[in-house]
């Protein structure tokens, strides 16, 4: 038998693999064609009835309630006013403004504010809007109900002020980082005042 050169062996191997691959592809294609769905019926055949469109759900007005929210621009204005008031008093604080549901709208970390101030400001704002009262007033209630402090996300220290509209709380402003809660609350009230100007 005649010996094949390396080149001829490579070419023969490639041709063999190609032929096997083509055969496998043909078998798979034929199998797929066998399993293909039947063609759609001709237009002349009767079509199956279609389901009726789902009815729209429109809740009656008496079953809903509207709520008022601060815009991002208004929340930013309040937060900046609180931060500016702290700056004038040479205090380094963080400020948070939350909506009626306690979700943060704006949060500003003042230059040089301590790491604890960021979260504390948010918790004071949440506490103020939750009870619609300044947190200094709420801190006084702990004597009668000490378990209030166990409610997650709250902080019963002075420095939070609620924002009202139409007789209901719509936001809370919290400030933390000054050496006393009284100063924090004074800065939070400056934020509320900015919304009334």
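Could you tell me whether any residue of region 94-106 is under 19 Å from residue 83 (Cα atoms), under 20 Å from the mean Cα position of the chain (by Cα) and free of Cβ contacts under 8 Å to residues at least 60 places away in the same chain? Scanning region 94-106 turns up at least one residue that is under 19 Å from residue 83 (Cα atoms), under 20 Å from the mean Cα position of the chain (by Cα) and free of Cβ contacts under 8 Å to residues at least 60 places away in the same chain. In region 111-197, counting only helices (runs of 4 or more DSSP H) that sit wholly within it, the ones holding 1 or more residues that are closer than 23 Å to residue 92 by Cα, at pLDDT 95 or above and over 24 Å from the mean Cα position of the chain (by Cα) span 135-141, 181-195.
Scanning region 73-93 for residues that are assigned to a helix (DSSP H, G or I), in contact with a helix residue (DSSP H, G or I) (Cβ under 8 Å, 6 or more places away or on another chain) and either crowded, with 20+ Cβ neighbours inside 10 Å or without any contact (Cβ under 8 Å) to a residue 12 or more places away in the chain (or both) yields a total of 7.
The values are calculated or read from the model by the stated rules, or taken from the named source; none is laboratory data. Keep in mind that what you see is a predicted model, and the values were worked out from it rather than measured. In this analysis, Cβ positions are derived from the backbone assuming ideal geometry, glycine residues included, and neighbour counts consider all displayed protein chains.
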